[in-house]
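Asker: Quick one: the structure is below, questions incoming.
The values are calculated or read from the model by the stated rules, or taken from the named source; none is laboratory data. What you are looking at is a predicted structure, and each value in this text was computed from that prediction instead of being measured. In this analysis, Cβ positions are derived from the backbone assuming ideal geometry, glycine residues included, and neighbour counts consider all displayed protein chains.
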Amino acid sequence: MASFRKWRLFSLFDIALGLGVLGVATTRIGAGLAPERWLAFLITLMAGGAILYAILLAFTALVFWGPGVLFTWVFDGVFQMARYPLGLYPGGCDSY
């Protein structure tokens, strides 16, 4: 109950937009996707969502041990960093 206490209506728009992008992408592939690939996609999507939810819930619980530190900000910084291409970050990325 504590994790669903706060939600935003605009998050539903984000979900609808993501489903729209997914629909356009699958129609532009040209070849239809096999049902086992759809199943694998849905399983990995749900697993990723569950892992993300568990990490956020754990960071939120860490606030009780360090009230001055907002651990979710740290996670948000790392999560936002993943939006940019790998070549943008200097050093350590040359092996890719």
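Asker: Of all the residues that make up segment 58-77, how many are in a helix (DSSP H, G or I) and either in contact (Cβ under 8 Å) with a residue 60 or more places away in the chain or surrounded by 12 or more Cβ atoms within 10 Å (Cβ to Cβ) (or both)?
Answerer: Within segment 58-77, residues that are in a helix (DSSP H, G or I) and either in contact (Cβ under 8 Å) with a residue 60 or more places away in the chain or surrounded by 12 or more Cβ atoms within 10 Å (Cβ to Cβ) (or both) number 8.
Asker: Just to be sure before I move on: is residue 96 exposed (fewer than 11 other Cβ atoms within 10 Å of the Cβ), under 22 Å from the mean Cα position of the chain (by Cα) and modelled with pLDDT under 75 in the structure I sent?
Answerer: Considered against the rule, which asks whether it is exposed (fewer than 11 other Cβ atoms within 10 Å of the Cβ), under 22 Å from the mean Cα position of the chain (by Cα) and modelled with pLDDT under 75, residue 96 comes out as no.
Asker: Is it the case that residue 91 is in a loop (DSSP other than H, G, I, E, B) and either farther than 17 Å from residue 18 by Cβ or modelled with pLDDT of 75 or more (or both)?
Answerer: Spelling it out, residue 91 is indeed in a loop (DSSP other than H, G, I, E, B) and either farther than 17 Å from residue 18 by Cβ or modelled with pLDDT of 75 or more (or both).
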